[in-house]
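Notes follow once the structure below has been shown.
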Amino acid sequence: MKPGSPQPSDNTIKEVSIDCVMFGFHADELKVLLLKWNEIDWSLPRGRIFKSEPIAEAASRVLKETTGIQDVFLQQFHTFGAADRYQNYTVDQKNRLLDNKSKEGIEHELFHESIISIGFYALVDFGKVTPNLTGSYQWCEISAIPDLLFDHNDMIELALVALRKDLRYLPIAKLLPQKFTLREMQKLYETILNRTFDRRNFHKLLMSYDFLIKLPEKKTGTANKSPHLYQIDLEKYETALQDGISY
């Protein structure tokens, strides 16, 4: 079975899947985790919903089954069910998938074109993510995502729109390592929003929320003056998110 495909079971809802856009932040770039189906084709992590399972729990389980990753922030952002949602398959993609099904002697659980997909996005600490996959995976920069299977390119675009829309109330600090610089936090906002901020004003705004803890240690290995490292006061951070964090 391919990545993201649970064993066929009468206990799953055959017409519905969970599809996850996993966002990570590394080297000043926002990235998405992709799973490899064969030598050429890639998709997002996906899987079925058990009949007795709440949708949110299904999303967490699918993420764990397909990547080995758990305990991350997940947000439902869209339901995909257009009749023509798979029309962007190329002829080569269709032939490869049909050929794979023929070789394996199975009707692939997650290939059926009438499926409805519930989209979730996840915010993960890139440095803590070590997917436990039987197949291949890669983190791909938003600007370099290839043509994916299904309508997963559209999903990533809509997930990014939702992320930007909800940004004031989202714990995007989960995308940062446990210790980070103010520049890294600013770059995270700039990358998500595709805009730049004045460094001094942005740092002053962040410090005004009082959820950043300045550490005595500094980041080493930088070309310029070593900047101070910071941590998040989680209790104050949650309080700030309830009212919304301006940027």
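Observations
- Rounded if a/c under 1.5, otherwise prolate or oblate - the stretch 187-238, Cα gyration tensor axes: oblate
- FRET efficiency for residue 233 and residue 203, using Cβ-Cβ distance with R0 set to 25 Å, rounded to 0.05: 0.90
- For the pair the stretch 131-198 and the stretch 22-79, the centres of their Cα atoms are 13 angstrom apart.
- Across the alpha-carbon set of the stretch 18-65, the Rg to Rh ratio works out to 1.07, Rh being the Kirkwood radius.
- Restricting the trypsin sites (Lys or Arg not before Pro) of the stretch 196-247 to loop positions (DSSP other than H, G, I, E, B) with no more than 13 neighbouring Cβ atoms within 10 Å leaves 225.
- Solvent-accessible heavy-atom area per residue, rounded to whole Å², over the stretch 140-194 at 1.4 Å: 43
- Length-normalised contact order for the stretch 113-247 - Cα pairs under 8 Å, 6+ apart - percent: 25
The values are calculated or read from the model by the stated rules, or taken from the named source; none is laboratory data. A quick note: this is a predicted structure, and the numbers were derived from the prediction, not measured. With ideal geometry, Cβ positions are generated from the backbone for all residues, glycine too; neighbour counts draw on all protein chains shown. SASA here: full protein model, heavy atoms, side chains in, ligands and nucleic acids out. Shrake-Rupley method; radii C 1.70, N 1.55, O 1.52, S 1.80 Å.
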